[in-house]
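Derivation of every value follows stated rules applied to the coordinates shown; laboratory data play no part. If you're wondering where the values come from, they're calculated on a predicted model, not measured in any experiment. Virtual Cβ from ideal backbone geometry, glycine too; neighbours counted across all protein chains shown.
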Amino acid sequence: MGTIFHKIHKVAGEKEILAIADKELIGKTLKGKKITLEIKESFYKGEELTQEQLKKLLHQFTNINIVGNQAVEIALQEKLATKKQVIEVDGIKHLQIFVV
């Protein structure tokens, strides 16, 4: 397993956002037909996680932004989303989870 980063963003009056990205994507820009996705260090790069830590953390948030094939696969294994909810940008999986 490669390295995965996470960062928690606190927005006044709103739920916290959990941002997760595969390490090798930090600082890159992905370009698709209809979307460009910047994996900004300021948004995604926080602390490193093990696979087990990520599994636990995913269940603690209701607003999650995930980019990276490895990280998205873990979210799918944890049954937090289905493959139909995943988009691919430049061959990289991206998933947003909002629980209301």
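What the table shows:
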| item | result |
| --- | --- |
| Test result for ALA19, surrounded by 18 or more Cβ atoms within 10 Å (Cβ to Cβ), touching a Lys or Arg at 6+ places or on another chain (Cβ under 8 Å) and closer than 20 Å to VAL99 by Cβ | yes |
| Number of the exception - GLU24 against (1) in a helix (DSSP H, G or I); (2) among the charged types (D, E, K, R); (3) exposed (fewer than 11 other Cβ atoms within 10 Å of the Cβ) | (3) |
| Leading residue by the ranking (surrounded by the fewest Cβ atoms within 10 Å (Cβ to Cβ)) among those in the stretch 53-72 that are under 10 Å from the mean Cα position of the chain (by Cα) and assigned to a helix (DSSP H, G or I) | ASN69 |
| Residue match in the stretch 32-49 (condition: in a loop (DSSP other than H, G, I, E, B) and without any contact (Cβ under 8 Å) to a residue 12 or more places away in the chain) | yes |
